[in-house]
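**Student:** Before I ask anything, here is the structure I am working with.
The values are calculated or read from the model by the stated rules, or taken from the named source; none is laboratory data. Predicted, not measured: the structure shown is a model, and the values here were computed from it. Here the Cβ is made from the backbone with ideal geometry for all residues, glycine too, and neighbour counts use every protein chain on show. Only protein heavy atoms, including side chains, enter the accessible area calculation; ligands, DNA and RNA are left aside. Shrake-Rupley method; radii C 1.70, N 1.55, O 1.52, S 1.80 Å.
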Amino acid sequence: QVQLVESGGGLVQAGGSLRLSCAASGRTFSGYVMGWFRQAPGKGREFVGGIRWSGGGTYYGDSVKGRFAISRDGAKNTLYLQMTSLNPEGTAVYYCAAGNSFGTVSPSGYLYWGHGTQVTVSS
């Protein structure tokens with residue numbers, strides 16, 4: 001059974017940084033694409049970024065390009081999201097997801113989801 005468990009969320013001041021982690025288990029993820037999404041109160045789920053589990057290759061949503069970076073540690077089966085220059089618009093629940101099509105930005109293109117971790121950015 002696939003499990004994705006996010007951690008690392010919390011309260012951070014505007015301009016600050018935070019690193020989220022997603023521990024993946026239950027299958028081999030080579031060949032998969034891992035993604036991060038976020039959902040602010042009253043809004044839809046927004047694509048943040050994605051990475052090929054094998055061989056890297058990343059892509060990002062326009063609102064976070066240049067500020068967020070995705071990486072993964074295959075030995076630890078863990079995905080990361082390094083967030084810098086956070087602003088209050090970054091306040092949301094952040095979700096980790098796994099899919100099989102590189103470049104997909106729609107939530108419907110991802111097969112497995114974690115339960116999310118809350119990030120709150122204070123002004």
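**Student:** Using the basic label-point model (7 angstrom from Cα toward the beta carbon), what is the V2 to R67 distance in nanometres?
**Tutor:** 2.9 nm
**Student:** So with the 1.4 Å probe, I'd like the accessible area per residue for the range 29-79, rounded to whole Å².
**Tutor:** It amounts to 46 Å² per residue over the range 29-79.
**Student:** Kindly rank 99-111, 20-32 from highest to lowest mean number of other beta carbons found within 10 Å of each residue.
**Tutor:** Ranking, from highest mean packing down: 20-32, 99-111.
**Student:** Then there is this: For the range 4-123, what is the charge dipole size about the Cα centre, in debye to the nearest 20, if Lys and Arg each add +1 at the Cβ and Asp and Glu each add -1 at the Cβ?
**Tutor:** 140 debye
**Student:** Of the trypsin sites (Lys or Arg not before Pro) in the range 32-123, which ones lie in a loop per DSSP and count no more than 15 other C-beta atoms within 10 Å?
**Tutor:** Filter output for the range 32-123: K43, K65, R67, K76.
**Student:** Summing Lys, Arg as +1 and Asp, Glu as -1, what charge do residues with Cβ under 15 Å from the Cβ of S63 carry, S63 excluded?
**Tutor:** Working: positive: R38, K43, R45, K65, R67; negative: E46, D62, E89.
Net charge around S63: +2.
**Student:** So, with a 1.4 angstrom probe, what is the percent of accessible area on the range 1-104 that is carbon and sulfur? It would help to have the intermediate numbers written out before the result.
**Tutor:** Working: 2170 of 4830 Å².
Carbon plus sulfur share of accessible area: 45 percent.
**Student:** How long are the three semi-axes of the equivalent ellipsoid of the range 22-83, in whole Å, if each is the root of 5 times an eigenvalue of the C-alpha gyration tensor, listed from largest down?
**Tutor:** Equivalent-ellipsoid dimensions as semi-axes: 21, 13, 10 Å.
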